[in-house]
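S.K.: One structure, as structure tokens, below. Some questions next.
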Amino acid sequence: MDSSVVFNIVTTAIAVVAVVTSVVFGARQARIAKHANHISVMMDLFAEFRSVEFHEQHDYVTTRLGAECDPAGGVRGLPAEPRAAFYSVVYYYQSFANLAVFGLLDETLLATVLRTRIVSVWEAVRPFVERERELRGEAGGGTYMSIFEELARLAADLPPEHVRARLTASRRGRLRGLG
């Protein structure tokens, strides 16, 4: 074989390896960047989660809203303080759900982390949301809080042991990386 042919084959092989390596590392960087977006968004939203006021409103919505207020008036018929608690808590979770719909957050991760809270809030507010949909009519009532409802459905469908299984899998992955 002519030395120029061997040289061309070797340089072509090196070029192919360089392109494949670039593609693999580029895909890895894109995945890392996507996870970095998840972390910053989650941290921003969890900042509110650390406030005492949010937890008081959350407790109110999940334990007292249905007992103290009639869902017949929908969300708009709630008195001022219960309505403020509703908006604060429900739209907090709705924000997470919206980010998941647009691919900025992994909805399974979200549902895993906040599973019981999402489900308990949805169960508490469902009668108010359903009535609000009726009051709004076909013009926009059917989609009111539908993204949050879907997130709650996903969270409810996750088995309770899902969180523990994800933690165990995560630990195994980190331990493999150390070995």
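S.K.: Give me the one-decimal nm value for the distance between modelled label points at Tyr91 and Ala72, 7 Å along each residue's Cα-to-Cβ direction.
M.R.: Each label point lies 7 Å from its Cα, and together they span 2.8 nm.
S.K.: Of Asn98, Phe54, Gly73, whose Cα points farthest to the positive end of the dipole of the stretch 15-158 (charges on the beta-carbon: +1 Lys, Arg; -1 Asp, Glu; origin at the Cα centre)?
M.R.: Asn98
S.K.: Specify the longest stretch of the chain that does not include any exposed loop site, a site being one of the trypsin sites (Lys or Arg not before Pro) with a non-H, G, I, E, B DSSP assignment and at most 12 other Cβ atoms within 10 Å. Walk me through the intermediate numbers first.
M.R.: Numbers: sites that count: Arg50, Arg76.
Formally, the longest exposed-site-free interval is 77-179.
S.K.: Using only Cα atoms, find the angle between the long axis of helix 115-136 and the longest principal axis of the chain, and express it within 0 to 90 degrees, rounded to the nearest 10.
M.R.: On a 0 to 90 degree scale, this one is about 60.
S.K.: Here's a follow-up. Treat every Asp and Glu Cβ in the chain as -1 and every Lys and Arg Cβ as +1, leave all other atoms uncharged, and give the resulting dipole magnitude about the Cα centre to the nearest 20 debye. Spell out each step's value before the answer.
M.R.: Numbers: 20 positive and 20 negative charges, 169 e Å.
Dipole of the chain, to the nearest 20 debye: 820 debye.
S.K.: Given the options Leu65, Leu167, Leu154, state which has the largest fluctuation in a GNM of the chain using a 10 Å cut-off (strictly under) for Cα springs.
M.R.: Leu167
S.K.: Once every DSSP H run of n ≥ 4 in the chain is given -39500 (n - 2.57) and the sum is divided by its residues, what mean residue ellipticity at 222 nm do you get, rounded to the nearest 500 deg cm²/dmol? Write out the running numbers ahead of the final one.
M.R.: Working: 8 runs with 143 residues, N = 179.
Helices in the chain give a 222 nm mean residue ellipticity of -27000 deg cm²/dmol.
S.K.: Continuing with the same structure: Per residue, how much accessible surface does the stretch 44-107 expose to a 1.4 Å probe? Answer in Å², no decimals. Don't skip to the answer; put the middle values down first.
M.R.: Numbers: 3400 Å² over 64 residues.
Accessible area per residue: 53 Å².
S.K.: If you roll a 1.4 angstrom probe over the protein chains with everything in place, what fraction of the accessible area of the chain belongs to carbon and sulfur, to the nearest %? Before the final figure, lay out each step's value.
M.R.: Numbers: 6650 of 11210 Å².
That share works out to 59 percent.
S.K.: Could you tell me which label, among [x] -0.40, -0.48; [y] -0.28, -0.35; [z] -0.51, -0.57, carries the value of log10 I(q)/I(0) by the Debye sum over Cα atoms at q = 0.08, 0.09 Å⁻¹ calculated for this structure?
M.R.: [x]
S.K.: Sticking with this one: Of the residues Val163, Val129, Val23, which exhibits the maximal mean-square fluctuation in a Gaussian network model of the chain defined by a 10 Å Cα contact cut-off?
M.R.: Val23
S.K.: Any idea how far the Cα center of the stretch 117-148 sits from the one of the stretch 13-27, in Å?
M.R.: 50 Å
The values are calculated or read from the model by the stated rules, or taken from the named source; none is laboratory data. Bear in mind the structure is a predicted one, so any value in this text is a computation, not a measurement. Cβ: placed from backbone, ideal geometry, glycine included. Neighbour counts: every protein chain shown. When the accessible area is computed, the model is the full protein with side chains, heavy atoms only, and any ligands, DNA or RNA have been set aside. Shrake-Rupley method; radii C 1.70, N 1.55, O 1.52, S 1.80 Å.
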